[in-house]
Amino acid sequence: MQTEGLVTSIAPDRRRIATLDQQAEEGINEACFSIAFIFRSTDAPMPSSPAHGFWLGVGLSAGAEAGEVIALVEAVIARSGLDPALFQQIASIETRRNHPALLALSTRFQVPVALFEAAVLEAETARLKNPSEALFVRIHCHGVAEAAALAAGGPQAELIVEKTAGRHMTVAIAAAPDIR
């Protein structure tokens with residue numbers, strides 16, 4: 001597997017935290033990290049986002065099953081009329097990095113997963129359509145699906161599909177301003 005240049009974690013000073021090879025030596029699941037980037041600080045500049053595209057934000061409970069998550073995402077995309085080929089990333093909270101549903105979504109839509117720490121998602125609170133105080137008490141951010149989609153899309157991204165809830169998950173979609 002080619003791992004040169006792949007960063008799985010980014011510190012505030014943008015230095016590498018761990019490569020896939022280092023994680024493999026430590027026994028960490030390579031399959032997950034081959035598709036995931038973790039952004040750890042609101043102080044670190046986010047990578048530049050493409051000028052066009054969509055970002056899918058996903059909030060998952062531990063009990064979410066891959067099949068039901070894929071079904072909800074497909075239904076939300078179908079209702080929105082969006083072209084799934086334009087999705088740039090699937091985004092979620094870092095604590096779900098090993099969740100099988102994220103890997104299944106990445107495989108289904110052939111896009112990478114971006115994972116954000118709660119502090120990064122919390123920085124998006126002012127842009128959320130459906131912030132949750134109850135969620136903040138549990139995980140220290142006011143939203144996952146909406147916040148992750150916005151964080152992945154960057155400061156110019158806007159929500160075009162607000163949080164849609166399923167039994168064990170939430171889904172939201174952000175878009176770059178030039179394709180709303």
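Three semi-axes describe the equivalent ellipsoid of the range 54-179; taken as square roots of 5 times the Cα gyration tensor eigenvalues and ordered largest first, they are 19, 17, 13 Å.
Quick note on the range 103-164: its Rg to Rh ratio, both from C-alpha atoms and Rh being the Kirkwood radius, is 0.98.
Annotation: the antiparallel percentage among DSSP beta bridges lying fully within the range 54-179 is about 60. For the range 54-179, the Cβ-based charge dipole about the Cα centre amounts to some 220 debye (Lys, Arg positive; Asp, Glu negative; other atoms uncharged).
For the range 109-180, GluC sites (Glu not before Pro) are listed when DSSP marks them as loop and at most 11 other Cβ atoms sit within 10 Å of their Cβ; the list is empty.
Taken together, the values in this text are just the output of simple stated rules run on the coordinates, not laboratory data. Nothing here was measured: the structure is a model prediction, and the numbers come from that model. Cβ atoms come from the backbone with ideal geometry, glycine included; neighbour counts cover every protein chain shown.
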